[in-house]
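The structure appears right after this line, and notes come after that.
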Amino acid sequence: MSKQREGRAVVLGGSMAGLFSARALSETFAEVVVVDRDELTGPNELRRGLPQGHHLHGLLARGQQITEEYFPGITEALTRGGAGSGDVADDVRWIINGKRLRKVHSELLVLTLSRPFLERHVRDRVLALPGVSFLEEADILRLETTGDRRTVTGVVVRRAGGAEETLHADLVVDATGRGSRTSVWLQEFGYEAVQEEKHKIGLGYTTRYYRVPDAAFEGDISINTVASAGVPRGAICQRIEGDRAIVTAYGILGDHPPTEPEGFLGFVKSLAAPDIHEVLEVSEPIDDPVAYKFPTNLRRHYQRMTDFPAGLLVIGDAVCSFNPSYAQGMTVAALGSLVLRRHLAATHRPDPIRYFEDLARDAIDGCWEMAVGADLSFPEVEGERTEEVRQAHAFIAQVQEAATRDASVARAYARVIGLVDSPAVLHTPQIEAALAVTGQR
Ligand SMILES: Cc1cc2nc3c(=O)[nH]c(=O)nc-3n(C[C@H](O)[C@H](O)[C@H](O)COP(=O)(O)OP(=O)(O)OC[C@H]3O[C@@H](n4cnc5c(N)ncnc54)[C@H](O)[C@@H]3O)c2cc1C
């Protein structure tokens, strides 16, 4: 980077979107301050501000690639620290509609690990970057602006037990997650309301950790029994660091896995395939099941605003939070940080509307369509099923069926859901021919 690093950026929120943003900002700004209400660097890894961190977090292949590009050597460090590591289509047992997908080498690496473990490694790398510091245990209260409200100049925070203080900034990046206050603050400043799009899914997660005998996984690092229209319940069972396995089960529209141990096991037994239940029968639980509810997909369409103050950007779940069972959130945060990085290469204070347009196009639109579209494949989920949506469901069902038999389809599908390739690759002549050969078209 030939440009001189100068000025100060403040990142609101020190979770994955905040950390990826800090990495991007550190290339341009002399100082980057990451503010969070939690004690980020403390010993308690399951922090209050990250309740979802107890539950299974898969980093999609594209997110894994970006993470390694940002922090060279981190993959090896995570693996050395105990993360499972393997090929996403060869070492993961994918079960869709009760059938196993064909195993194939996809050349896409997947790590199996807990969210706090991943976050700690990323955070340590971010903290080691020149000019980056963390302001921990500080509540973000409000934005500071110029008198005409046209430019954000900083943020007011309060440290634990302390008085309010203002952190001045040339650029503020809001990465405070789904509960972000930016949309409210903007209205208080007199800006139009951001358009919010919500889709109800009534998802419930329940997670339990186990000691699993080595042989039980039969050489795989993860078993993913995916919820489908026929059986709208799913679960993932993964080897993670600390010689443990994490099992997260989920169901939609109030059909939630119980937290009472027998009920949890019964829910896992009711899935479309017996694989995970068989593993649990020979495993030992090491804690009690814990639940999490996720009512709606939520997107804030900042790219549709016609006016937005300078010196402020928003990223990560604060813009878009998806059905977590598709495991897109962290990768979308990473993709968002690449958009941020690109805009920062031109100027310290990117044009917000242009940034939001690029963020929508390059990081969010495709994933949002995929997630909302996939949710509509469950008949019980409310929403309009246009002809286009119905055709997409029929096509994906064909791809999934063909992927149980045909290696090239299984590989292409893994690369699409890993956000490495565009869904367009599923329409190439080679894949179309494979669908036809397997009698699916
Ligand atoms: C149950 C569940 C499972 C998930 N599984 C996956 C998965 O498998 N794969 C995946 O990629 N994604 C998954 N996600 C999504 C993923 O957790 C997020 O996309 C990811 O954490 C990025 O979010 P973020 O950094 O934007 O916000 P968050 O992770 O929500 O972090 C926001 C941060 O801001 C801080 N903060 C908020 N308000 C304030 C304030 N006023 N003052 C100070 N600090 C504040 C919080 O302490 C927190 O650290 C899952 C989500 C859920 C709910």
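Based on the mean of other Cβ atoms within 10 Å per residue, sort peptides 424-433, 217-226 so the most packed one is first. Don't jump to the answer; show the numbers that get you there.
Working: 424-433: 12.9, 217-226: 20.4.
Ranking, from highest mean packing down: 217-226, 424-433.
Report the FRET efficiency, 1/(1 + (r/R0)^6), for GLU68 and ASP124, where r is their Cβ-Cβ distance and R0 is 22 Å, rounded to 0.05. Each step should come with its number before you reach the end.
Details: r = 15 Å, r/R0 = 0.69.
The computed FRET efficiency comes out at 0.90.
Accessible area per residue for region 387-437 in Å², computed with a 1.4 Å probe and the full protein assembly in place, what is it?
Values: 2450 Å² over 51 residues.
Per residue, region 387-437 has an accessible area of 48 Å².
Please say if the chain is rounded, prolate or oblate, where rounded means a/c under 1.5 for a ≥ b ≥ c the square roots of the C-alpha gyration tensor eigenvalues, and otherwise the choice is prolate for a/b larger than b/c and oblate otherwise?
Prolate, since a/c reaches 1.5 and a/b exceeds b/c.
Longer than 20 Å from Cα to Cα, which of LYS99/LYS269; LYS198/LYS293; LYS103/LYS269 are they? Say none if no pair is. Don't skip to the end; give the middle numbers.
Numbers: LYS99/LYS269 16 Å; LYS198/LYS293 15 Å; LYS103/LYS269 24 Å.
Where the Cα-Cα span goes over 20 Å, the pairs concerned are LYS103/LYS269.
I want the antiparallel fraction of DSSP beta bridges within the chain, as a percent rounded to 5. Intermediate values should be presented prior to the final figure.
Details: 51 of 73 bridges.
Roughly 70 percent of the DSSP beta bridges within the chain come out antiparallel.
Taking a ≥ b ≥ c as the square roots of the Cα gyration tensor eigenvalues, with a/c under 1.5 meaning rounded and otherwise prolate when a/b beats b/c, else oblate, which class fits region 279-399?
Values: a/c = 2.40, a/b = 1.47, b/c = 1.63.
The shape class here is oblate.
Which shape class, rounded, prolate or oblate, goes with region 123-208 when its Cα gyration tensor gives a ≥ b ≥ c as root eigenvalues, a/c under 1.5 marks rounded, and past that a/b bigger than b/c marks prolate? Walk me through the intermediate numbers first.
Values: a/c = 1.91, a/b = 1.10, b/c = 1.74.
Oblate, because a/c is 1.5 or more while a/b does not exceed b/c.
Per DSSP H run of n ≥ 4, the term is -39500 (n - 2.57); total these for the chain, divide by its residue number, and report the mean residue ellipticity at 222 nm rounded to 500 deg cm²/dmol. The partial results should precede the final answer.
Working: 13 runs with 137 residues, N = 441.
After summing the helix terms and dividing by the residues of the chain, the value is -9500 deg cm²/dmol.
Which distance in nm do the two modelled labels at ARG211 and GLU188 give, with both placed 7 Å along the Cα-to-Cβ direction?
Each label point is offset 7 Å from its Cα along the Cβ direction, giving 5.1 nm.
The values are calculated or read from the model by the stated rules, or taken from the named source; none is laboratory data. Here the structure is a predicted model, which means the values were calculated and not measured. Glycine also receives a Cβ, built like all others from the backbone with ideal geometry; neighbour counts cover every protein chain displayed. Surface accessibility is based on the protein's heavy atoms, side chains included, excluding ligands, DNA and RNA. Shrake-Rupley method; radii C 1.70, N 1.55, O 1.52, S 1.80 Å.
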